[in-house]
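In what follows, a single structure is set out as structure tokens and then discussed.
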Amino acid sequence: MSYIGLMICNSTNGYLVYNLVFLLLFPKYHCIDEFGVATPCKRLATCESYDFVEEAVLSNWVQKFDLRCRSNFTIGLFGSMFFLGKVVGMVTLSHLGDTLGRIKLLRFSQCVTFACYFSITFLITNSKFLTIPIFIAGLLSCWRTNLSYIYGQELF
């Protein structure tokens, strides 16, 4: 049972990180000129022109949070917040497993990460608040990956 639990702790990072490329995949845009001809154009060019057609790719965060006219910096934040949280967690939180107890921190991080994933999927409707649970999931990933590996080595 411990092995199964530790594998779940170790694999929960992939639910968000591996899917970010699909959650932020932009469709191909075609701007329509004054003659009615559609030519391929960049994403930000559609913000200036109201006549455009998009090829449907996926129903993802681009449509859900209307990211079409957001800056490249804002779009990049979604991909980098998890890893920024992971770096901060590695520097500040990794040593707490030896002082506070590994299994308590594993349980806490797993519960909070589940709450973050649940809020990302079902509760958040504004993209401004989306980076907070992504950062928290990255922050606590140091406990889920490193402590579960160490804890598993002690068990076996």
- Query: Between exposed GluC sites (Glu not before Pro) in the chain, where DSSP calls loop and at most 14 other Cβ atoms lie within 10 Å, what's the longest gap?
  - Reply: 56-156
- Message: Test of understanding: in a Gaussian network model of the chain with alpha carbons linked when under 10 Å, which of Leu96, Leu24, Leu105 would top the mean-square fluctuation ranking?
- Response: Leu96
- Task: With an 8 Å cut-off on Cα pairs and a minimum separation of 6 or more residues, tell me the relative contact order of the chain in percent.
- Result: 29
- Query: Using the 10 angstrom Cβ neighbour count as an exposure proxy, how do Met90, Met81, Met7 rank, fewest first?
  - Reply: Met7, Met90, Met81
- Once whole DSSP H runs in the chain are found, which of them have Cα atoms spread over 20 Å or more along the helix axis and a mean Kyte-Doolittle score of at least 1.0? 72-92
- Message: Using only the Cα atoms of the range 88-144, what semi-axes does the equivalent ellipsoid have when each is the square root of 5 times a gyration tensor eigenvalue? Give whole Å, largest first.
- Response: 24, 12, 5
- Helix-only [θ] at 222 nm, the chain, -39500 (n - 2.57) per DSSP H run of 4+, per residue, nearest 500, equals -16000 deg cm²/dmol
- Equivalent ellipsoid semi-axes - Cα gyration tensor, the chain, angstrom: 41, 14, 12
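Rule-based calculations on the coordinates, nothing more; no lab input. What you are looking at is a predicted structure, and each value in this text was computed from that prediction instead of being measured. For neighbour counting, all protein chains shown are included, and Cβ atoms are generated from backbone atoms with ideal geometry for every residue, glycine included.
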